[in-house]
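J.: Sending over a structure as structure tokens; questions will come in a sec.
The values are calculated or read from the model by the stated rules, or taken from the named source; none is laboratory data. Here the structure is a predicted model, which means the values were calculated and not measured. All Cβ positions, even for glycine, are placed from backbone atoms using ideal geometry, and neighbour counts span all protein chains on display.
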């Protein structure tokens with residue numbers, strides 16, 4: 001299977017991207033023509049890292065955080081997930097790129113709002129200038145949470161009936177991709193695409209919920225070329 005592409009991002013100039021499955025092959029840099037891919041030590045928070053022109057990426061993680069934005073060309077930026085929500089962003093002209101790891105903790109901390117604010121602050125681009133794609137992640141069909149997590153979202157976000165379904169024994173099914181889509185739409189992002197692939201349902205993807213501790217992860221990457 002390899003790499004899944006977004007319809008929206010594929011139509012934009014100067015943007016290379018892809019959402020990998022569990023067997024994308026070797027050397028993702030070569031697939032997209034990047035000299036390297038900058039990644040983060042993901043900590044399930046809402047910190048946004050700006051990859052400037054003078055920051056080296058080496059072979060490791062460039063910083064702690066869960067979102068990375070850049071205007072550099074020739075270098076990819078990426079996040080790793082295994083049920084959490086990967087979000088890739090760019091503007092209509094392909095001058096800025098962003099990659100976001102949104103687990104339930106980061107989502108509850110409104111990481112996407114932090115990313116949009118950082119893009120505005122650094123590059124002067126408003127949500128209406130941006131396009132976003134939500135990649136493969138665990139769907140509402142498979143994401144059961146307890147009352148503590150459900151309460152966190154019910155109290156902190158509106159329209160909880162759209163993304164929380166109570167089952168039994170104080171358990172709930174949570175639509176994590178749906179909450180992130182709603183956050184983007186409410187913020188005014190021009191175009192939002194949801195790929196709609198559930199990582200737990202689909203064995204082509206790594207899934208913590210299906211495989212447990214020690215599971216691998218798939219890379220979601222975007223860059224300007």
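J.: Those residues that are in contact with a helix residue (DSSP H, G or I) (Cβ under 8 Å, 6 or more places away or on another chain) and within 22 Å of residue 23 (Cα to Cα), I need them from segment 53-77; list them, please.
T.: 76
J.: Here's a follow-up. Given the criterion more than 27 Å from residue 142 (Cα to Cα), touching a residue at least 12 places away in the same chain (Cβ under 8 Å) and not in a loop (DSSP other than H, G, I, E, B), identify the matching residue among 68, 57.
T.: 68
J.: I've got another one for you. Restricting to segment 77-116, name every residue that is assigned to a helix (DSSP H, G or I) and touching a strand residue (DSSP E or B) at 6+ places or on another chain (Cβ under 9 Å).
T.: Passing the criteria: 104, 106, 107, 111, 112, 114, 115, 116.
J.: Considering (1) closer than 30 Å to residue 108 by Cβ; (2) crowded, with 20+ Cβ neighbours inside 10 Å; (3) in contact (Cβ under 8 Å) with a residue 40 or more places away in the chain, say which one residue 49 fails and leave the rest.
T.: Result: residue 49 fails condition (3) only.
J.: For segment 117-225, give me every one of the strands (runs of 3 or more DSSP E) that falls completely inside it and has 1 or more residues that are within 19 Å of the chain's Cα centre (by Cα) and either modelled with pLDDT of 95 or more or surrounded by fewer than 17 Cβ atoms within 10 Å (Cβ to Cβ) (or both).
T.: 130-134, 171-174, 191-194, 218-224
J.: From the set of residues in segment 140-161 that are touching a helix residue (DSSP H, G or I) at 6+ places or on another chain (Cβ under 8 Å) and free of Cβ contacts under 8 Å to residues at least 12 places away in the same chain, which is farthest from residue 104 (Cα to Cα)?
T.: 160
J.: All but one of (1) more than 26 Å from residue 200 (Cβ to Cβ); (2) modelled with pLDDT of 95 or more hold for residue 53; which doesn't?
T.: All conditions pass for residue 53, except number (2).
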